[in-house]
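Working notes for the structure below.
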Amino acid sequence: MVFEKETIDPAAQEMLQVAEEEGRETTWDLREQMEPQCGFGDTGVCCNICLQGPCRVNPNYNEKGNQKGICGARDYTIVARNLVRHTVGGTSSHSGHARHVAELFREVAEGHVDSYEVKDKEKLMKVADKLEIETEDRETNEIAKEVAEEAIGNFIGFHGEELSWLEPMVPESRYQIFNECNIIPTGINDAINEAMHRTAMGVDSDPLNLIFGNLQTALADFTGCTIGTDLSDIIFGTPEVVESEANLGVLDEDAVNVIVHGHEPVLSEKVVAAAKKLEDEAKEAGAENGINVAGICCTGNELLMRQGVPLATNFASQELAIMTGAVDAMVVDIQCIMPSIQSVANCYHTEIITTIPFSKISGAKHIEFNDSTADQDAEEIVRTAIEAYKERPKEINIPDYKSKLMAGFSFEEIENILSQVNEDDPLSVINDAIDEGDIKGICLFAGCNNTKVTHDKNHTEVAKGLVENDVLCVATGCVANALGKAGFMLPEAVEEYAGEGLKRFFSKLNEELGKELPLIWHMGSCVDNSRLIEFVTALANHKGVDIGEYPIVASAPEPMHEKAVSIGSWCVTIGLTTHVGVLPQITGSRLVTEVATKVAKDVYDGYFILESDPEAAVEELVAELDERTWVQDM
Ligand code: BF8
Ligand code: SF4
C-alpha cells in the first residue's frame, strides 16, 4: 500500500498520492526535512529560558558533556521547567477557549447579546446546583448571571481562595489528596501566572516542587475545560446521540463546502446557522446541493456532538482536505490550525478565513468574528465561501471514503441511556457489568495526531487491543475522529472487534434499550474530557471508592499539542493511569521520568505509561485495570 508509513487512513493515502502527483508539500514532507530532530530538545534538556541560553545539558553522566546550564541548572530542573511551561501552554489554550465562552455567557445572562441564548435550562440548573447557587423561585437570567460571575471568578483567584468549579467535579477523597499535596489552584489565570513565574530564571529549581507546580497548573486546566463544557452545553445544548459520517468523502462535489476548523463552538454554531439560511444563494450560484458544512479538529467534534455535522478529518490530514480542490472556504478560529494550510490554499481556489484577532495567518482573509454581530459575521463568512465556489475549477479529487458513526455521548446522555435500563440505579448498569466481569473497566481515548508516528495507526491499534480485552472505551478529540473514520463508532463494530465479555455487555444493554449502541462512545472535543471525569466520579462515588481505586485508565496514543501534556497531567492527578504513545520531552531527566512513571502512583494512584508500541501499551493498560479490580475485590 502506498503511503502506509505516513497514514493508515485510505482517504489520506489517496490524497497523498494526489499531493505527490501535483508536487504539493505536506506536513509529512516537512517532517522528513526536519530529520534528524535535535536530541537535546527531544529529551527536554535544552533550556532557553534566559538570554544566556540556549544551554544544552548532557543527561548522560557517564559521557563527556555539559551537565549543568550556565546558571548551574541541572537536567532535572531544565526538564521539569520545560514540562511546566508545556502545561502552561495547554492551560492557557483551554482556558482561553473557556474564558471566551464564559464572557459570552455573561453577556447572554445580562441580556447584552441577541444572537445567543440559554438553550439548555436543565443544564443551567444542574451547574447552579453543583456550585451551590440558589435556584428555587428565581428567574433563569438571575441564576445565569450568578453562574456567569462564578465562572469569571474562577479565572481570577487570590491567595486563600479555591476554585469553586473544581471541588464538585471529583470525589471528596480525591479533593482531599489535592489538598494534602497543596496543589489546589486559587484561580486559572493565577495558576498560569505563578507557573510562568516559578519557571523563570532563578526561581524554582527543585524538580519535585516544580512537578507539584505542574499538577497545580494542570488542575487549573481541568477546571477551565469543565467550565468550557458546562457553559457551552448551557448555550448550545447538551449533546444527545446523533448519527453522522466521517472522512473526506463527506465533501460534496455539488455543494459549497465550508470547513470549520479549530475549537470554539461560538463561531462554528453560527456558521452552521448561516449556511442553512443562505442555502438558496448557494443554489443560485450553481451548487445543486446548497451548502455542506464539515468539521476538522475539535470544532468538528463540537458540531458533530450537538448537530450531527460530519467530520471531514482530523489534525494531521487538515492540509489534505484543501488538496481535494473541493473546499471553498476553511474557516478557522483557534488552536491546532497548521500555518501551512495557507500555502496549500494558494494552489487552489480555497479561501482560508481567520476570525479571531489574536489568531491570524499571513496571506489568509480575516473576517473578524464578534459575539455581538455573530449572525452577520457568520453570513459574511458563508457568502465568501459561495463567492469562492464560483471560482472552483472542474477538476476535483474527493476520495470516496467515509464511515457512518454515532456520537453525542455526554455524561447526561449516558445517564439517560442507563436509566432506561435501570431507572432507580442507572450507574449500577456499568458497575455491575464490571463486578460480573463482562467489562474490565473503562478507557478514555484522548489526544491528537503526531507525525512522529503513522497517522491514526496507534489510535486504532490500541483501541482494537482494548475492546478485544473487554474494555469499555470512550473517546474525545482527534482520536475520536480517527476511531470514527475507522468504523469503531458503530454498533456493527461490537461484533467485529469486541471481546466476549464486552459483547455480552452490549447485547444485554441493547436488548433492554431496544436499540443498538456503538462500540466506542464519542464524548466530544478535548475540553469535553471533563465529561469523562464527571462520569467516572459518579461511578466511583456509586461504588464508594476513590477514582484511584476505580478501573479507569486513559490513553493518548498520538499526543501532539501542549494541551495533551496538561490533560495527561491532570488525568494522572485525578487518579487515571495514562498511556502516552509518543514520548514526551522529559526523558532527558531520569528523576522526572521516574516520578511520572513510578512515584506518581504512590501519591495519586495514577501514573504515566510511556509506550510507543501499541501492543505493549494494551498489555500494560489491561494489567492496570486488572490490578484495580483485584485490589477492589480484596
Ligand atoms: O483540542 S486532539 S490535535 S484538535 S489538541 Fe488539537 Fe490534539 Fe486534535 Fe482539539 Ni485536542
Ligand atoms: Fe541556561 Fe540557566 Fe539561562 Fe536556562 S536559565 S538558559 S540553564 S543560564
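The values are calculated or read from the model by the stated rules, or taken from the named source; none is laboratory data. All values derive from a computational prediction rather than experimental measurement. As a convention, Cβ positions derive from the backbone with ideal geometry for all residues, glycine included, and neighbour counts pool all protein chains shown. To get the accessible areas, we keep the full protein, side chains included, count just its heavy atoms, and leave off ligands, DNA and RNA. Shrake-Rupley method; radii C 1.70, N 1.55, O 1.52, S 1.80 Å.
I need the full set of residues from region 524-567 which are of a type in the set (S, T, N, Q) and away from ligand 1 (no atom under 14 Å from the Cβ), in order please.
T537, N541, listed by residue number.
Residues that are away from ligand 1 (no atom under 12 Å from the Cβ) and either out of contact with any helix residue (DSSP H, G or I) (no Cβ under 7 Å at 6 or more places or on another chain) or without any contact (Cβ under 8 Å) to a residue 12 or more places away in the chain (or both) within region 449-471 comprise K452, V453, T454, K457, listed in sequence order. Taking into account only those residues within region 214-232 that are over 24 Å from V592 (Cβ atoms) and aliphatic (A, V, I, L, M), which is surrounded by the fewest Cβ atoms within 10 Å (Cβ to Cβ)? Per the stated criteria, the residue is L231. Among the residues of region 199-208, the one identified as more than 12 Å from ligand 2 (Cβ to nearest atom) and among the charged types (D, E, K, R) is D206.
Whenever a residue of region 314-326 is open to solvent by 10 Å² or more (accessible area, probe 1.4 Å) and aliphatic (A, V, I, L, M), it has no partner that is away from ligand 2 (no atom under 16 Å from the Cβ) and not in a helix (DSSP H, G or I) lying with C-beta atoms less than 9 angstrom away and at least six residues away or across chains.
The set of residues in region 28-57 being within 13 Å of ligand 2 (Cβ to nearest atom) and either at pLDDT below 95 or aromatic (F, W, Y) (or both) consists of F40, R56, V57. Assessment of region 57-69 against the conditions (under 28 Å from D221 (Cα atoms), more than 16 Å from ligand 1 (Cβ to nearest atom) and of a type in the set (F, W, Y)) yields no matching residue. Does E21 satisfy being open to solvent by 60 Å² or more (accessible area, probe 1.4 Å), more than 16 Å from ligand 2 (Cβ to nearest atom) and more than 16 Å from H455 (Cβ to Cβ)? Criteria met by E21. Looking at this structure, is E139 away from ligand 2 (no atom under 16 Å from the Cβ), charged (D, E, K, R) and in contact (Cβ under 8 Å) with a residue 12 or more places away in the chain? Judged against the criteria, E139 is not a match. Every test in (1) touching a helix residue (DSSP H, G or I) at 6+ places or on another chain (Cβ under 8 Å); (2) open to solvent by 40 Å² or more (accessible area, probe 1.4 Å); (3) of a type in the set (A, V, I, L, M) is passed by M15 save one, and that test is (2). Listed by position, the helices (runs of 4 or more DSSP H) inside region 4-107 whose residues that are touching a strand residue (DSSP E or B) at 6+ places or on another chain (Cβ under 6 Å), more than 30 Å from M323 (Cβ to Cβ) and charged (D, E, K, R) number at least 1 form an empty set.
Can we say E423 is surrounded by fewer than 21 Cβ atoms within 10 Å (Cβ to Cβ) and either free of Cβ contacts under 8 Å to residues at least 24 places away in the same chain or part of a helix (DSSP H, G or I) (or both)? It is true that E423 is surrounded by fewer than 21 Cβ atoms within 10 Å (Cβ to Cβ) and either free of Cβ contacts under 8 Å to residues at least 24 places away in the same chain or part of a helix (DSSP H, G or I) (or both).
If the condition is being among the small types (G, A, S) and either free of Cβ contacts under 8 Å to residues at least 40 places away in the same chain or out of contact with any helix residue (DSSP H, G or I) (no Cβ under 8 Å at 6 or more places or on another chain) (or both), then region 244-296 contributes A255, G290, G295. Only one entry of V344, V331, V327 meets the criterion of being part of a loop (DSSP other than H, G, I, E, B) and touching a helix residue (DSSP H, G or I) at 6+ places or on another chain (Cβ under 6 Å), and that entry is V327.
Take the conditions modelled with pLDDT under 95, small (G, A, S) and either within 30 Å of L583 (Cα to Cα) or more than 16 Å from ligand 2 (Cβ to nearest atom) (or both) and apply them to S115. Does it pass? Yes; evaluated as a whole, the condition is true for this residue.
Among the residues making up region 390-420, those that are open to solvent by 30 Å² or more (accessible area, probe 1.4 Å) and within 28 Å of S525 (Cβ to Cβ) are I398, D400, Y401, K402, K404, E412, E415, N416, S419, Q420. Out of M201, M169, one residue alone is under 30 Å from V595 (Cα atoms) and open to solvent by less than 10 Å² (accessible area, probe 1.4 Å). It is M169. Within region 235-266, the set of residues being more than 27 Å from I414 (Cα to Cα) and either among the acidic types (D, E) or modelled with pLDDT under 95 (or both) comprises D252, E253, D254. From the list A433, A463, the one residue that fits, being touching a Ser or Thr at 6+ places or on another chain (Cβ under 9 Å) and of a type in the set (G, A, S), is A463. In summary, V453 fulfils each of the numbered conditions (1) in a helix (DSSP H, G or I); (2) hydrophobic (A, V, I, L, M, F, W, C); (3) surrounded by fewer than 23 Cβ atoms within 10 Å (Cβ to Cβ) with the single exception of condition (1).
Restricted to region 70-105, and to residues there that are among the basic types (K, R) and away from ligand 1 (no atom under 16 Å from the Cβ), the residue that is surrounded by the most Cβ atoms within 10 Å (Cβ to Cβ) is R81. Of all the listed residues (I211, I235), the sole one being more than 16 Å from ligand 2 (Cβ to nearest atom), over 17 Å from the mean Cα position of the chain (by Cα), farther than 15 Å from G89 by Cα and open to solvent by less than 10 Å² (accessible area, probe 1.4 Å) is I235. Within region 122-134, is even one residue part of a loop (DSSP other than H, G, I, E, B) and loosely packed, with under 15 Cβ neighbours inside 10 Å? So far as region 122-134 goes, yes, one or more of its residues are part of a loop (DSSP other than H, G, I, E, B) and loosely packed, with under 15 Cβ neighbours inside 10 Å. Listed by first and then second residue, the pairs with beta-carbon distance under 8 Å, at least 6 apart or on different chains, first residue in region 37-59 and free of Cβ contacts under 8 Å to residues at least 24 places away in the same chain, second more than 13 Å from ligand 2 (Cβ to nearest atom) and not acidic (D, E), are N58/K64; N58/G65.
How many of the residues in region 327-348 are open to solvent by 20 Å² or more (accessible area, probe 1.4 Å) and within 12 Å of ligand 1 (Cβ to nearest atom)? Result for region 327-348: 4. Among the residues of this structure, G89 does not count as one that is within 13 Å of ligand 2 (Cβ to nearest atom) and under 25 Å from V592 (Cβ atoms).
Within the group I439, I414, which residue is more than 16 Å from ligand 1 (Cβ to nearest atom), part of a helix (DSSP H, G or I) and at pLDDT 95 or above? Among I439, I414, only I414 is more than 16 Å from ligand 1 (Cβ to nearest atom), part of a helix (DSSP H, G or I) and at pLDDT 95 or above.
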